[in-house]
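The values are calculated or read from the model by the stated rules, or taken from the named source; none is laboratory data. Everything numeric in this text was worked out from a predicted model, so none of it was measured. With ideal geometry, Cβ positions are generated from the backbone for all residues, glycine too; neighbour counts draw on all protein chains shown. These accessible areas exclude ligands, DNA and RNA; they are computed on the full protein's heavy atoms, side chains included. Shrake-Rupley method; radii C 1.70, N 1.55, O 1.52, S 1.80 Å.
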Amino acid sequence: MIKIFDINYTLLSEKKSNELFCIRKQIFKDRLDWSVTCNNNMEYDNKNATYILGIYSDQVISGLRFIDMKNNNMITGAEFDSFFEKKEVIKENHLDASRLFIDKEKIKNLDLNTYPLSAMLFLAMINYAITFLYDGIYAVVSQPMLIIFKRSGWLIKVIEHGISEKKENVYLIHMPVDKKNQKILIDYVNRMNIKKNISKKNISNITDLYNWPLCFGI
């Protein structure tokens with residue numbers, strides 16, 4: 001079973017925090033070479049972070065970080081000042097989403113390649129935000145990630161297009177959080193499961209997919 005749930009930074013166990021921060025260092029520093037600060041082979045965080053984690057067989061296979069926009073965050077902070085003007089960003093009742101990942105090596109080793117894991121994580125973002133009464137989510141994404149978001153059907157809006165310090169295209173996007181987009185993602189997850197010939201007995205029913213936290217019976 002894949003479980004996707006939220007947990008605050010202060011409540012992470014030492015085992016899970018070490019696993020998460022090691023994965024983030026491997027992905028965002030070693031693989032993508034982002035300008036992130038790492039110590040002891042890990043990329044750490046602060047108490048304002050809440051994580052959405054995808055767990056399968058007691059292993060972290062996916063995740064992202066949420067920070068309420070009223071706190072210090074990457075969107076309104078100085079990290080992207082050279083990339084965007086950020087004129088249309090709304091702080092009130094919104095989330096900053098960052099450090100989104102799917103651990104491709106684990107997915108391959110655990111034989112999960114046939115499942116729509118990105119869409120499952122996107123649905124988790126919506127369900128979490130609806131549950132905690134947020135109006136929307138912001139993120140800065142690469143061009144490949146923008147394509148993945150659009151492919152899911154989520155009616156995201158590109159606020160600004162920028163160029164990173166590596167001269168690569170980056171996008172500040174707004175992700176609406178409402179019942180309409182929730183249904184779009186649920187329909188997409190179910191459609192992809194059917195397309196991949198995954199038995200209906202091995203996926204959550206339609207009621208489950210509106211809930212938080214999420215469980216996918218795999």
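Could you pull out the residue among 138, 171, 134 that is of a type in the set (Phe, Trp, Tyr), touching a strand residue (DSSP E or B) at 6+ places or on another chain (Cβ under 6 Å), modelled with pLDDT under 95 and surrounded by 13 or more Cβ atoms within 10 Å (Cβ to Cβ)? Can you show your working first?
Numbers: 138 fails: modelled with pLDDT under 95; 134 fails: modelled with pLDDT under 95.
From the options 138, 171, 134, the qualifying one is 171.
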All positions within the stretch 119-166 that are within 20 Å of residue 88 (Cβ to Cβ), outside any helix (DSSP H, G or I) and charged (D, E, K, R): 135, 157, 160
With the requirement that a residue be under 21 Å from residue 162 (Cβ atoms) and among the hydroxyl-bearing types (Ser, Thr, Tyr), what does the stretch 81-118 give you? 82, 98
Working only within the stretch 130-146, note down all residues that are over 12 Å from residue 210 (Cα atoms) and among the hydrophobic types (A, V, I, L, M, F, W, C). 132, 133, 137, 139, 140, 141, 145, 146
When residues of the stretch 191-218 are filtered for being part of a helix (DSSP H, G or I) and modelled with pLDDT under 90, how many remain? 9
In the stretch 115-160, which residues are polar (S, T, N, Q) and farther than 22 Å from residue 194 by Cβ? 131, 142, 143
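Give 148, 163, 126 a once-over and let me know the one that is open to solvent by 40 Å² or more (accessible area, probe 1.4 Å) and under 24 Å from residue 61 (Cα atoms).
Details: 163 fails: under 24 Å from residue 61 (Cα atoms); 126 fails: open to solvent by 40 Å² or more (accessible area, probe 1.4 Å).
Answer to the selection: 148.
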Taking only pairs six or more apart or across chains, which ones have beta-carbon atoms under 6 Å, a first residue in the stretch 1-24 that is among the basic types (Lys, Arg), and a second residue that is at pLDDT 70 or above? 3/55; 3/215; 24/99
For the stretch 39-75, give me each residue that is part of a loop (DSSP other than H, G, I, E, B), crowded, with 19+ Cβ neighbours inside 10 Å and either at pLDDT 90 or above or in contact with a strand residue (DSSP E or B) (Cβ under 6 Å, 6 or more places away or on another chain) (or both). 49, 69, 73, 75
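So, residue 121, is that one at pLDDT 95 or above and crowded, with 19+ Cβ neighbours inside 10 Å or not?
On the way: at pLDDT 95 or above: yes; crowded, with 19+ Cβ neighbours inside 10 Å: yes.
Yes; evaluated as a whole, the condition is true for this residue.
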